[in-house]
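Step one of this worksheet: look at the structure below.
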Amino acid sequence: MPNIIIFGAPGSGKGTQSELLIERYNLHHISTGELLRGHISRQTELGKIADSFISKGQLIPDNLMIDIFADTIDNNPAALKGLILDGFPRTIPQAEGLKAMFEQRGMKVDAVIGLEVPEAELIDRLLKRGQVSGRSDDNLETINKRLDVYRSQTLPLRDYYINEGCYCAIEGTGTVEEIFGRIVEAVG
Ligand code: AP5
Ligand code: MG
């Protein structure tokens with residue numbers, strides 16, 4: 001089974017499209033954002049650390065994130081049957097960490113689905129979601145910070161995966177179904 005990274009800016013539709021991909025390809029979904037929010041709501045030690053970064057729109061430090069991710073894979077036997085990674089990796093060091101982790105486990109990244117959406121639409125979607133989500137990072141100030149962090153720390157991964165030969169650019173606007181159709185066409 002393939003290991004797929006769903007990549008894109010905050011609000012680009014990673015979570016939404018992951019749900020459809022899981023159904024279609026029977027993959028195990030790991031969303032690092034959801035995982036961290038779970039720790040925050042259970043008020044674990046990790047949750048307290050995560051909250052201090054997430055509410056400011058900053059990334060959790062790479063070493064910590066890579067360790068959390070390795071633990072998650074090792075505690076989920078289903079992960080070995082094919083993964084959809086949503087929100088990880090998010091920096092070049094995380095991508096290098098993932099590569100090493102996958103190599104040790106006989107796995108590889110098969111495709112990076114890059115959801116490309118204009119910034120005005122991202123802000124619009126996140127502000128709308130902010131009215132109901134209860135997420136501490138869905139307010140205009142933190143959304144702008146998340147977009148800055150995305151541009152400076154995460155967007156370089158686009159070129160990284162283009163060089164690795166596995167990046168598929170997907171136009172991320174239109175209806176959810178239209179976008180999913182483009183993904184299925186690209187992944188095959
Ligand atoms: P994370 O939870 O990953 O959030 P994000 O990347 O900011 O992205 P979102 O979840 O907000 O958006 P999405 O792309 O999933 O879009 P969605 O489908 O929800 O990370 C949160 C934080 O955790 C980070 O800022 C960081 O602090 C920390 N973190 C997580 N991973 C980390 C890592 N690896 N390293 C370090 N720190 C990490 O859609 C958005 C909205 O738009 C929804 O309301 C949806 O219904 C709507 N929508 C979706 N598609 C469409 C469409 N086609 N048309 C109209 N509306 C649409
Ligand atoms: Mg998400």
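Coordinate-derived values only; no laboratory data. In this text, all values refer to a predicted model and were calculated from it rather than measured experimentally. Note that we place each Cβ from the backbone using ideal geometry, even for glycine, and neighbour counts take in every protein chain shown.
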Check your understanding: Which listed residue (Asn163, Gly11, Thr175) has the Cα farthest towards the positive end of the charge dipole for the chain, taking +1 on Lys and Arg C-beta and -1 on Asp and Glu C-beta about the Cα centre?
Key -> Gly11
Review point. Residue farthest toward the positive end of the dipole of the chain, with Cβ of Lys/Arg at +1 and Asp/Glu at -1: which of Phe53, Ile40, Leu126?
Key: Ile40
Exercise for review: Return a whole-number percent for the relative contact order of the stretch 1-151, with Cα pairs under 8 Å and 6 or more residues apart as the contact set.
Suggested key: 41 percent
Point to revise | Size of electric dipole in the chain: Cβ of Lys, Arg +1 and of Asp, Glu -1, about Cα centre, debye, nearest 20 | key: 280 debye
**Study point:** Mean Cβ neighbour count within 10 Å, used as a protection proxy, ranking 58-64, 85-91 highest first
**Key:** 85-91, 58-64
Check your understanding: Over the alpha carbons of the stretch 81-188, what is the largest minus smallest coordinate on each principal axis, giving the biggest first in Å?
Key -> 43, 30, 25
Exercise for review: Can you find, among Ile68, Leu85, Met101, the residue farthest towards the positive end of the dipole of the stretch 23-115? Put +1 on the C-beta of Lys and Arg, -1 on that of Asp and Glu.
Suggested key: Leu85
**Study point:** Anisotropy class of the stretch 3-187 from Cα gyration tensor, a/c 1.5 cut
**Key:** rounded
